[in-house]
1. Within segment 191-198, does at least one residue satisfy the condition of being of a type in the set (Val, Ile, Thr), open to solvent by 70 Å² or more (accessible area, probe 1.4 Å) and modelled with pLDDT under 95?
2. Yes or no: segment 38-60 includes at least one residue that is outside any loop (DSSP other than H, G, I, E, B) and within 15 Å of Leu106 (Cβ to Cβ).
3. If I filter segment 161-185 down to residues being of a type in the set (Gly, Ala, Ser) and modelled with pLDDT of 95 or more, which single residue comes out as surrounded by the fewest Cβ atoms within 10 Å (Cβ to Cβ)?
4. Could you go through segment 153-173 and let me know if any residue there is closer than 17 Å to Gly102 by Cβ and β-branched (Val, Ile, Thr).
5. I need the full set of residues from segment 38-60 which are touching a helix residue (DSSP H, G or I) at 6+ places or on another chain (Cβ under 6 Å) and more than 16 Å from Trp112 (Cα to Cα), in order please.
6. Does any residue in segment 48-74 that is more than 17 Å from Val24 (Cα to Cα) and at pLDDT 95 or above come within less than 6 Å, Cβ to Cβ, of a residue that is among the charged types (D, E, K, R) and open to solvent by 60 Å² or more (accessible area, probe 1.4 Å) six or more places away or on a different chain, and which pairs are these?
7. Within segment 132-160, how many residues turn out to be within 16 Å of the chain's Cα centre (by Cα), open to solvent by 20 Å² or more (accessible area, probe 1.4 Å) and aliphatic (A, V, I, L, M)?
Amino acid sequence: MSTTLDFSVWPSAERPWAEVADLVAWAEDTGWHGFWYADHFMPNTDDERVVDGDVHEVWTILSAVAAVSSTLRLGSLVSPTTVRHPAVLANIAASLDRVSSGRLVLGIGAGWQINEHRAYGFDLLSPKDRVDRFEEAIQIVRSLLTEPRTTFSGRHFTFADATCQPTPVQSRLPLLVGTGGPRMTGITVRHADEWNVWGTPDTA
């Protein structure tokens, strides 16, 4: 068991790029471990209301951070599979792992922010169906990132002899799942490499 802790930065997606770029330079210079960024399109209101506010797109920012850094681990915290199709996620992840020379952690989740789903027409689904969809998506993403071809037939997704090229630099690009629920945690245990959870040590 490791006896050290690694610390990462997680700036708000509402901060201007100039501030984020300064933070990245500072984090590298002072030896921080990683840089995480949320995947949302608008400020959260916990209901259907849409409010104004700049929210920068995660994969654009992570690509920019990859280009201006050399040591920080990079990760999405987390990309919802209600919004991001697993083929799109896998191909983005593989390409960004190449651009960053093997520094990416792909963070994914089942989706939760109500106002952005309603505003953009993304189907949030019922809790059970959302988790069912996620369970299919994480298996597909893993296969696309590790296998030459992916064939999958599920209730939510169907893949036939699909590729993901170029392949990642990392032989097993880490998948992180953000969740706290018991069923999602079970999926995390079976399919993911890292876990993001809110709560006390007792909860963990």
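The values are calculated or read from the model by the stated rules, or taken from the named source; none is laboratory data. As the structure is a computational prediction, the values presented were derived from the model and not from experiment. Backbone-built Cβ (ideal geometry, glycine too); neighbour counts: all protein chains shown. All accessible areas refer to the heavy atoms of the entire protein, side chains included, with ligands and DNA or RNA removed. Shrake-Rupley method; radii C 1.70, N 1.55, O 1.52, S 1.80 Å.
1. For segment 191-198, residues of a type in the set (Val, Ile, Thr), open to solvent by 70 Å² or more (accessible area, probe 1.4 Å) and modelled with pLDDT under 95: absent.
2. yes
3. Only one residue fits best here, namely Ser171.
4. yes
5. Result: Trp59, single match.
6. Listed pairs, sorted by first residue: Gly53/Glu14; Asp54/Glu14; Val55/Glu14.
7. Count: 0.
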